[in-house]
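Single-structure report; data block below.
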Amino acid sequence: MLATADHEIVAGIQNGRTESESALYEKYSSRVFYLALRETRSQHDAEDVRAETFLRALQAIRSNQVRSAAALGSFILGVTRNVLHELYAKRRQMGDAVSTDEVDLATPSHERLFLDQEVRIAIQKTIARLKPREQLVLRLLIYDELPSEEVARRIAIAPERVRLVISRAL
């Protein structure tokens with residue numbers, strides 16, 4: 001599929017074209033899932049956050065609440081962050097009697113090791129588009145679970161640059 005410009009996606013959704021909704025999901029789904037997975041460290045929560053994000057984004061686009069189609073990516077990631085904040089607030093309010101680590105223990109290890117095929121492919125495509133340094137930073141932070149300071153030391157950049165590299169990558 002050819003890359004569709006954000007303004008075309010927004011216009012298409014506002015005009016009721018379902019292919020534009022699919023293009024929106026295809027273009028931003030992996031970024032939303034990756035951000036949610038990084039924050040929640042739970043595939044199930046990340047999938048829920050992704051679904052809620054696209055539901056809200058579609059509602060906002062249909063009701064002309066998106067100020068700038070050119071900033072659609074930022075809008076989508078902002079919605080994702082809001083959904084994550086609401087998830088954490090809800091858990092704090094409920095007392096979060098069961099932590100996500102304890103929930104993961106109930107999941108068979110082979111299920112945790114493998115993401116479903118569609119998600120793995122989307123993540124691989126997204127990672128392949130990143131610059132080598134961005135790939136390295138994300139691998140060290142997410143998969144190796146190193147603190148930002150250690151990542152900065154290993155790749156010889158200032159610690160504050162790690163955050164910049166991450167935001168550019170996402």
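Per-structure values
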quantity	calculated
Phi to ³J(HN,Hα) by Karplus 6.51 cos²θ - 1.76 cosθ + 1.60 over the range 122-135, Hz, x for Gly, Pro	4, 5, 4, 5, 5, 5, 4, 7, 7, 6, x, 5, 5, 4
J(HN,Hα) series, the range 43-48, from Karplus relation 6.51 cos²θ - 1.76 cosθ + 1.60, nearest Hz, glycine and proline x	4, 5, 5, 5, 5, 5
Once the Cα gyration tensor of the range 121-170 is diagonalised, semi-axes √(5λ) in Å	19, 11, 8
Rg to Rh quotient for the range 16-75, alpha carbon positions, Kirkwood Rh	0.99
Under Karplus coefficients 6.51, -1.76 and 1.60, residue-wise ³J(HN,Hα) of the range 21-30 in Hz, glycine/proline x	5, 5, 5, 4, 4, 5, 6, 10, 4, 5
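Every number here is computed from the coordinates shown, using simple stated rules; none is lab data. Since we're looking at a predicted model, the values are computed, not measured.
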